[in-house]
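Colleague: For reference, the structure I am asking about is given below.
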Amino acid sequence: MGDLCCMCTVETSKYRCPCCRLRYCSLDCSKRHKERCVPKGEQSSPSVPDVLQTRDPILVENDESDAVPFLKLGLLGNSEELKQLLLNIHLRQLLVTLDETENKDEVLKNYMQEPLFVELADMCLSLINPEEKENILPK
């Protein structure tokens with residue numbers, strides 16, 4: 001079985017970007033990828049403000065009781081362990097797809113079956129709420 005498309009993460013990839021070498025499945029995915037393509041060697045880790053800027057104002061849409069204060073979000077930007085995890089190209093593509101999708105709830109539900117995404121979610125929660133981590137019983 002071949003690699004999955006870096007854009008839709010559903011179809012098997014048939015083509016490879018000449019700039020960054022990521023794989024995609026179709027002309028539509030190629031066009032979407034080309035808009036965001038960063039040639040190898042020019043990639044840099046995102047700064048905290050870049051990560052917080054999404055197309056949809058998620059914090060405005062959802063119930064504010066679930067919102068994380070921006071000061072606590074800053075803790076995420078200071079974590080070297082989180083930065084290392086975000087270097088994973090597959091995880092980065094999952095996050096881009098989540099950001100671009102119209103049906104965030106459904107995609108997020110599916111992503112919570114992905115061990116890599118669960119690792120990201122757990123790491124973020126442990127950084128934002130370290131006291132809750134202490135209450136988790138070992139397996």
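The values are calculated or read from the model by the stated rules, or taken from the named source; none is laboratory data. Predicted, not measured: the structure shown is a model, and the values here were computed from it. When we count neighbours, we look across all protein chains shown, and the Cβ atoms used for this are built from the backbone with ideal geometry, even at glycine.
Colleague: Applying the selection to the stretch 1-40, what residues are under 20 Å from residue 98 (Cβ atoms) and aliphatic (A, V, I, L, M)?
Modeller: 4, 7, 10, 22, 38
Colleague: Run residue 101 past the list (1) at pLDDT below 90; (2) touching a helix residue (DSSP H, G or I) at 6+ places or on another chain (Cβ under 6 Å); (3) more than 27 Å from residue 17 (Cβ to Cβ) and report the number of the one that doesn't hold.
Modeller: (3)
Colleague: Another one. Could you tell me whether the stretch 86-98 includes any residue that is loosely packed, with under 15 Cβ neighbours inside 10 Å and either modelled with pLDDT under 85 or touching a Lys or Arg at 6+ places or on another chain (Cβ under 8 Å) (or both)?
Modeller: no
Colleague: Scan the stretch 78-93 residue by residue and report those that are within 14 Å of residue 22 (Cβ to Cβ) and either of a type in the set (Val, Ile, Thr) or part of a helix (DSSP H, G or I) (or both).
Modeller: Residues satisfying the conditions are 89, 90, 91, 92, 93.
Colleague: Could you please let me know if residue 61 is of a type in the set (Asp, Glu) and either modelled with pLDDT under 85 or touching a helix residue (DSSP H, G or I) at 6+ places or on another chain (Cβ under 8 Å) (or both)?
Modeller: So residue 61 passes the test.
Colleague: Another question about this same structure. Looking at the stretch 94-124 only, could you name the residues that are in contact with a Leu (Cβ under 8 Å, 6 or more places away or on another chain) and polar (S, T, N, Q)?
Modeller: none
Colleague: Restricting the stretch 77-93 to residues that are in contact (Cβ under 8 Å) with a residue 40 or more places away in the chain and touching a helix residue (DSSP H, G or I) at 6+ places or on another chain (Cβ under 6 Å), which is nearest to residue 35 (Cα to Cα)?
Modeller: 82
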